[in-house]
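The values are calculated or read from the model by the stated rules, or taken from the named source; none is laboratory data. As the structure is a computational prediction, the values presented were derived from the model and not from experiment. Reconstructed Cβ throughout: ideal geometry from the backbone, glycine too, with neighbour counts over all protein chains shown.
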Amino acid sequence: MLLGALLGLSVYLPLAAGQLSLATPAFYAVGGTLAALLSTRWSALGATASGGFPVPSLLLELVLGGLLAGLLALLVGRLVLRLQGIYLAIATIALVEIVRVAILNLPFTGGAVGIFAIPQPFATAAGYLLPALALLALAGWVCQRLEGMPLGRAMAAIRDDELAARCMGIDTTGAKLTAFVLSAVLAGSTGALAAHFLNTWNARQGSFDASITTLAFVILGGSRTWLGPVVGGLLLTALPELLRPVGDVRLVLFGLVILLGPVLAPQGLITPGLLERLGRWGEGGKP
Amino acid sequence: MIEALLQTLLNGAASGGVYALVALGYTLVFSVLGVINFAQGALFSVGGYLTFLLMGGKIGVNGALPGWGLPEGLPFWLALLLAAAGSGLVGLLVERLAFAPLRRRNAEPLLALITSLGAGVVLVNLLQLLMGAEGYAFPQSTDALAGLPDVLMIGGARIRTIQLLLLLISAAAVLVLSLWLERSKGGRALRAVAEDATTAQLLGIHSEAMVRLAFFLSGGLAGLGGGLIGVSVSLPGPYFGIGYGLKGLAVLVLGGLGSVPGAIAGGLLMGLAEALVPSSASGWRDALAFAILFGVLLLRPSGLLGRRTVEKV
């Protein structure tokens, strides 16, 4: 669930600058594959024969996964961010597909089966709660800070009117690229964490389906504040689990949420207006 | 050597024809509404399964009604036509649910991208509920193809009849559609709405009806493609249309968004390029379309035959 919230934030960042990028699963896959490779192949990280794994090495992988994804985003972003609207969306779908096929076919990523028996840093799944929460807190803090920083304001200006923003002397390319790279770093680190959490890793982790799902996080939650994607990610990753009792129908219902969500709540669940009202309500409630 | 090349080229042209069908479906909707219908891939699957059922195929053990099927299979061409019409109707339903509410509200056009994706997810999973996730092979008999032999010899090359039919049928569909758009009154009305919906409305054209027509035709094209691919290869599962939908997207960009000749040329080009990938690198074949897409977007975003648009302030 927390991983969903992290991916939601990763889609939100470019969107905050008005750029609809569906590339998050590509960076997620890159980060995950790197972590899976490092922890299973590189013995210096200290994976034990019993499947254990030291926590500092996990942190190192989070950093490296983020860096690699960020580097890729820097290279790709320079090219694709010249595109706008629907073209950018299509280009990023293409990136996701290229990364997926590459992971499927490269000689060292395990093909269709993928990489399995990834060592576990924690004895139970609950152990992952802490690093995931920490990562989410860090990402949330960055997003919150962004709103008050020149960069965040530049991003908002580009979202509202790119041409006008450029006329005001804002480095639009730089701001868009920064948002794109930040989004990739976040997705890469999330992937590295997810690889350990899921225990196996293959090309299916970053597919077109994942693009849809992560985008749905943001649309459902709302794309105007960073809390929106977090809530959307939490809800939509929990939804299939909650719907498990209805069995096969759950994916149909999941699709219906994506289909009807924007129709019923075009701004998403969490809007700036709602937050303001909540804040006022909170103040009014105090004696 | 020459025979092998001929065979490869024909295979490429045949799958290129199907790509062109899918891309044309996108083009119709895009030119009228300026949005992309991401449910197109799911409609492709719907067409494949409808054709299968209409030809007398039975639902497998994992479906909702195991063993159910039509008592008598229809001939290939009739089943294909009805399946295309059925997918067109489903396309209309997608328009009602995913596009119309947003349009009435003048919402952000990019939202339609999400809702149509949602419609696609719903369709594919309904198919999976109904038919199960297993693959289906069409009954391969000579009378399935209206009495034509399975394999033809052309210039010393063995060509599967169905491949040739695939090429001919998609070529015919594309030709009829382009002529209709270009010449007929309805086609002109559609193009008028594409140019400017409000003005067209003022001139007495029922814009909403034209939008619905575009969705019906677009769904029909996708269904036709799905049926053709199903008959010539097989139905590997409800998700198979999504891949074709994505390829169609690549073709669309290659040819230029909103350009009818571009969609056709792009489809053929993409099919041929894929057929020429050596079999030793066949795993990478799926990446080729997207690599081409990437290249086109960077070098010539308006596509091969698209018009350059200047953004107005």
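Observations
- Among the residues listed as A:G140, A:G114, the single one being in contact (Cβ under 8 Å) with a residue 12 or more places away in the chain and on the phi > 0 side of the Ramachandran plot: A:G114
- Boolean, B:G69 is more than 14 Å from chain A (Cβ to nearest Cβ), surrounded by 22 or more Cβ atoms within 10 Å (Cβ to Cβ) and touching a helix residue (DSSP H, G or I) at 6+ places or on another chain (Cβ under 7 Å): no
- Selection count where residues are out of contact with any Lys or Arg (no Cβ under 9 Å at 6 or more places or on another chain) and of a type in the set (V, I, T), scope the range A:153-180: 1
- Boolean, A:A157 is on the phi > 0 side of the Ramachandran plot and small (G, A, S): no
- Candidate set: the range A:1-16, residues that are more than 17 Å from A:V76 (Cα to Cα) and among the small types (G, A, S); chosen: the one surrounded by the most Cβ atoms within 10 Å (Cβ to Cβ): A:G8
- Among the candidates A:I93, A:I98, A:I86, the residue that is crowded, with 22+ Cβ neighbours inside 10 Å and either within 11 Å of chain B (Cβ to nearest Cβ) or of a type in the set (V, I, T) (or both) is uniquely A:I93.
- Of residues in the range B:77-109 being within 12 Å of chain A (Cβ to nearest Cβ) and of a type in the set (G, A, S), the one farthest from B:I169 (Cα to Cα): B:A107
- Some residue of the range B:232-247 being at negative phi, assigned to a strand (DSSP E or B) and surrounded by 24 or more Cβ atoms within 10 Å (Cβ to Cβ): yes
- Residue within the range B:251-260 that is at pLDDT 85 or above, more than 23 Å from B:V121 (Cα to Cα), within 14 Å of chain A (Cβ to nearest Cβ) and within 15 Å of the chain's Cα centre (by Cα) present: no
- Positions within the range A:158-181 being in a helix (DSSP H, G or I), more than 26 Å from the chain's Cα centre (by Cα) and within 15 Å of A:A16 (Cβ to Cβ), in sequence order: A:A165
- A:L182 satisfies every condition listed in (1) away from chain B (no Cβ under 12 Å); (2) modelled with pLDDT of 75 or more; (3) touching a Phe, Trp or Tyr at 6+ places or on another chain (Cβ under 6 Å) except (3).
- For beta carbons closer than 8 Å, sequence separation of 6+ or different chains, a first residue in the range B:252-278 that is free of Cβ contacts under 8 Å to residues at least 24 places away in the same chain and a second that is in a helix (DSSP H, G or I), the qualifying pairs are B:V277/B:W284; B:V277/B:R285; B:V277/B:L288.
- Qualifying position, being over 15 Å from the mean Cα position of the chain (by Cα), under 18 Å from B:F52 (Cα atoms) and modelled with pLDDT under 85, among B:I162, B:I114: B:I162
- Condition met for B:V313 (part of a loop (DSSP other than H, G, I, E, B), more than 27 Å from B:A194 (Cα to Cα) and either out of contact with any Cys (no Cβ under 9 Å at 6 or more places or on another chain) or modelled with pLDDT under 80 (or both)): no
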